[in-house]
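Below is one structure, written out as structure tokens, with a few remarks after it.
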Amino acid sequence: MIQQARRSFIPGVFLRLIALFSFVIPSACAQTPAPALIAPIAPAGQISAERVAQGFPLFEDGVATTILVDPDEDPGILRAVHNLQSDLEARGSVRPEINTAVPKHASNLIIVGSLANSRWIADLMASGHVTDTGLSGEWEAFAQEVVERPFDGIERALVITGSDKRGTIFGVYDLLDRAGVSPWNWWADVPIAQVEALYVAPGRRVEKPEVKYRGIFLNDENPALLDWVNETFGGFNHAFYERVFELMLRQKANYLWPAMWGKAFYDDDPMNAVLADEYGIVIGTSHHEPLGRAHIEWERYGEGDWNYAANKNRLQDFWRYGVERIGEHEAIVTIGMRGDGDEAMAEGTAIDLLEEIVSDQRKIIEDVTGAPAEETPQLWALYKEVQDYYDKGMDAPGDVTLLFADDNWGNIRRLPELGSERPGGYGVYYHFDYVGDPRNYKWINTTQIERVWEQMNLADEYGAKQIWIVNVGDLKPMEFPISFFMNMAWDPSDWPLERLADYPETWAAEQFGPEHAAEIGEMLTAYTRFNARRKPELLEPGTYSLVNYDEADRIVADYEALAERATSIGEQLPEAYQDAYKQLVWFPIHAAANLNALYVAAAKNQLYAKQGRAETNAMADKVDALFEKDDELTRHYHEDIANGKWNHMMAQTHIGYTYWQQPEQDNKPDTVRIDVPQAGGPGIAVAGTEAISTGSDTKLAMPVFEPYGRSVQTFDVFNRGETPFMFEVASDADWVEISASGEAVTTQSQVTVSIDWRLAPEGRADATVWITSGDVRIPVSVPTHKFGVATGREAFVETDGIVSFAASAAQTVRNGEDVSWKVIPNLGRTDDSITVFPVTADSQVPGTVNSPSLSYDIYVTEPGDYSVYTTLAPSLDFRGKGGLRYAVSVNDEAPQVVNINADTSQAAWEKTVADYANVQATRHSIEAPGLQRITLWAVDPGVVFQHVIVARRPLPASYLGPPPSVQAGE
């Protein structure tokens, strides 16, 4: 009986381990005993550099297996076969032959063919060597199987059979991908590492896609992609698109919205469409380009206004030509209409007019094709204001795919009702890049794949599976999330939540081999989290707090540590990987680290100027140096990496935004230079305030010291002049310990203060630290609060009226009857996230016995009114039921239900997406100090919890909030 599997679940990283370390995973599916000295039979189709039992050689001992293909196959399949030949040659240093007839002197064959067109597949079907089980009637499915004695004189064959043209092509590229050829070989210079042999384990594996159309949108492509394409290919012609098409097919993508701002896919080069059809790429046009006409074509050829009410006839003629030009080429036709230049068509919702437009467009389709409109694939993109038409009752004919959209920031706005079906199905238009409010984000990758998984899992579970298309901007900076999006679109079950955290390592191994894959995967996860929490274009000098929680310095330190790690790992990689590593890992980390350091330095310069610090001008110099370093990093990418192959690709401006649109050039943040007096003198700055003290008349207070919170703190002793000075530090309390005394200060010195809690008095106390320099004596208050925690169980302990903890750190997790809590690793600004599954569950009633909930034990020292700040993912009302809800309670009070989408204002949305978080506040009363219980209740699916803060006082200003509280009391 032929072994059959819909999908091999062996992660790429394990396959690379197999190749390097001769490790073969045993299988319960072995069909015969393994020969001596040969590993047991591996899972069906597994590829290894070491010989496996009954393994089929792609190449070994300097001999490559011959490839057999029917010469009458589709040209797209023949292209893929030639790439199979060249890639196997690169992998094994020996070139396989391509035959169109069964060779007389070959023991093994690789046979490639489609069910419809290959005579060789037909012969194998007739002889019973292969079957169409799992292929016949399927969309883009393929099988890979090893068969014995397929033809006279041939001992064995690896047969790649496709249910159709693209299925066959995907079968070829899937084999190459698993054989160690990265889809990013050309686009990111990932080398093809050479090995002496490759073997395919026997058995049969079958794959088919879950999502029918899976594609990318090249958009916002000026100046980076535009200038690179013009320099490299002389325009957006078929030579350029040939590279795009091959990349897509290697990632099992089949659908493209071409570059459109000032470009016209069909008009710029007639060969573009011809080549797309030959490769097997389905062409569409964006959400505001109806019937195959590019936006720029109206400027080139249109007459009159882009206004259907006033210019119907000319618009119909314009669109008619678009359908005629598509001809027999495979395409999805966009219907509907938006305003000229990606704007709203009209004020309000002109449903009658849009229904007339759609009806007339479908008549054009029927007139041109001579067939019913439903025989031409069409989509209606419910993008931005167009969704209002849908919400108010307008629908398209059932054969039209309804393409829902995110909010341009990765948050899906709407999905179909559970169980609703239409012949045209539903899809999602998603974004990794955007131009618009609150600011553009186009420069480097800022997308967490964890958020992509969480949102597109919603799409999958709610049945939006006809089209998944993602806006990738210039394409190049988005390699990592593109791979993930396409892997997930092919089959979401390949990457369940339980394996999500493995993806970065798996992807890293596919690009750089297994030796450093774990570390590189960790860096990919870290930098995308750092970039997502505040996109580079949204950064400003005041984004992170300079005075609270050491926030700005922690941000810079985290980035710098990551950059040092990226450099260290890069130095350990072979030379062949350097260009790819610089593009995919090193550059985005270093560029983002430098930019964050730049803005923090600019913020310090401004603050130091107000405080009169002598270091003010040095910090201005640092801003200048970091701004120049940004330019140097760009130059390095353009000129040094891959010998200048990617010149212009990092040309996107990203520094000095003042509103949503990008600046014409990068603009250095404003800096201040002051006249620094010759005479030196001390100034004191403490955490929690921008105020300073220069003498005994002002006494600054450090934030309160507590045994379960801040036990160690620092303050700055800075110079206000050019002449260095000496200072001494002493305390009036024996329980205050000081790190520095008798030091000379040129610009500034940091003094560490800690508490000896054995000697500190119980309750609240206040000591004073005196900083003495010559005749100047400056006091600093050191408040303490000593208390014990005896709760009988571990609790998060208050620090100065604030308790902070990750939502995923609940001490008690209660699942419901039909739902359960699961952690989404790494999702969010600081912690893991947690939410309920399945995401299709009914809404829950909070506060009942079976209500799913998360409970947290906290310890507070005072009764009073407290605020609970719950940080959630910026999810939207994707079910269209008035908002997503959760509930929160303290101790035994009734749960307070919160609608996270209640504020529908533009300002609220802009803040939420800019902050990459939706923060909701509720008020509660705590009647006595001690142990308390905070409970989060699940109400609606899709609410993703990230962090919780409980506070009886206003929160100190910061972007990420207070760090997690200490747990104590067990």
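Structural remarks
- Reachable lysines, given that their alpha-carbon falls under 25 Å from the alpha-carbon of residue 881 and they are not under 8 places away in the same chain: 384, 392, 465, 822, 911
- For residue 629, the lysines whose Cα comes closer than 27 Å to its Cα, not counting residues fewer than 8 places off in the same chain, are 442, 476, 535, 582, 604, 610, 645, 668.
- When DSSP beta bridges are restricted to pairs lying wholly in the range 213-498, around 10% turn out antiparallel.
- Per residue, the convex hull volume that the Cα atoms of the range 743-864 enclose (Å³): 206 Å³
- Averaging over all projection directions, the Cα-based convex hull of the range 673-825 occupies 13.9 nm² in the image plane.
- Taking chymotrypsin sites (Phe, Trp or Tyr not before Pro) across the range 120-149, the ones in a DSSP loop with at most 15 further Cβ atoms lying within 10 angstrom of their Cβ are 139.
- Label separation (residue 497 vs residue 618): 5.1 nm, computed from points 7 Å beyond Cα along the C-beta direction.
- Highest average first, the peptides 149-160, 772-783 ordered by how many other beta carbon atoms sit within 10 Å of their residues are 149-160, 772-783.
- Model label points for residue 728 and residue 418, set 7 angstrom from Cα along the Cα-to-Cβ axis, are 7.5 nm apart.
- Extension gain (nm, one decimal) between residue 756 and residue 881, 0.36 nm per residue minus Cα-Cα: 39.4 nm
- The simple Förster model, with R0 at 41 Å and r as the Cβ-Cβ distance, assigns residue 210 and residue 968 a FRET efficiency of 0.30.
- Virtual spin-label span in nm between residue 675 and residue 119, 7 Å along Cα→Cβ: 9.5 nm
- Helical content alone sets the calculated 222 nm signal of the chain at -9000 deg cm²/dmol, taking -39,500 (n - 2.57) per DSSP H segment of four or more residues and averaging over every residue.
- Contour excess over end-to-end distance, with Cα ends at residue 131 and residue 239 and 0.36 nm allotted per residue: 35.1 nm
- Spatial separation of Cα centroids for the range 55-93 and the range 100-144, in angstrom: 15 Å
- Here the range 85-108 is scanned for amide nitrogen atoms under 11 Å from the site 7 Å beyond the Cα of residue 63 along Cα-to-Cβ, giving 105-108.
- Between the range 288-310 and the range 180-197, the C-alpha centres lie 43 angstrom from each other.
- Packing, taken as the mean count of other beta carbons within 10 Å per residue, orders the peptides 214-220, 359-365, 173-179 from highest to lowest as 214-220, 173-179, 359-365.
- As a rough guide to protection, the peptides 416-423, 255-262 ranked by mean Cβ packing within 10 Å, highest first, stand as 255-262, 416-423.
- For q = 0.09, 0.11 Å⁻¹, Debye-computed log10 I/I(0) when each Cα of the chain counts as one equal scatterer: -1.07, -1.41
- Taking a Cβ cut-off of under 10 Å around residue 252, the surrounding Lys, Arg, Asp and Glu residues balance to a net charge of -2, with basic ones at +1 and acidic ones at -1.
- Each Lys or Arg adds one and each Asp or Glu takes one away; over the other residues whose Cβ falls under 13 Å from the Cβ of residue 707, this sums to -1.
- The angle between the Cα long axis of helix 616-635 and the main principal axis of the chain comes to about 10°, on a 0 to 90 degree scale.
- For the chain, the longest principal axis of the Cα atoms and the long axis of helix 238-250 meet at an angle of about 80 degrees.
- Cα-based helix-to-principal-axis angle, 308-326 vs the chain, degrees rounded to 10: 60 degrees
- Length released on extending from residue 690 to residue 155, taking residue separation times 0.36 nm less the Cα-Cα span: 184.5 nm
- Only one residue of 216, 845, 563 has its Cα farthest out toward the positive end of the dipole of the chain, where Lys and Arg carry +1 and Asp and Glu -1 on Cβ, and that residue is 845.
- Dipole moment magnitude, nearest 20 debye, the chain about Cα centre, only Lys, Arg, Asp, Glu C-beta charged: 1300 debye
- Measuring between their Cα centroids, the range 235-264 and the range 739-793 lie 63 Å from each other.
- With contacts taken as Cα pairs under 8 Å at a separation of at least 6 residues, the chain carries a relative contact order of 9 percent.
- Whichever aspartates and glutamates have a C-alpha closer than 15 Å to that of residue 363, once near sequence neighbours (fewer than 8 apart) are set aside: 317, 324, 355, 374, 375, 399
Laboratory data are not the source of any read-out in this text; all were calculated from the coordinates shown. Remember, it's a predicted structure, so these values are computed and weren't measured experimentally. Here Cβ is always computed from backbone atoms with ideal geometry, including for glycine, and neighbour counts include all displayed protein chains.
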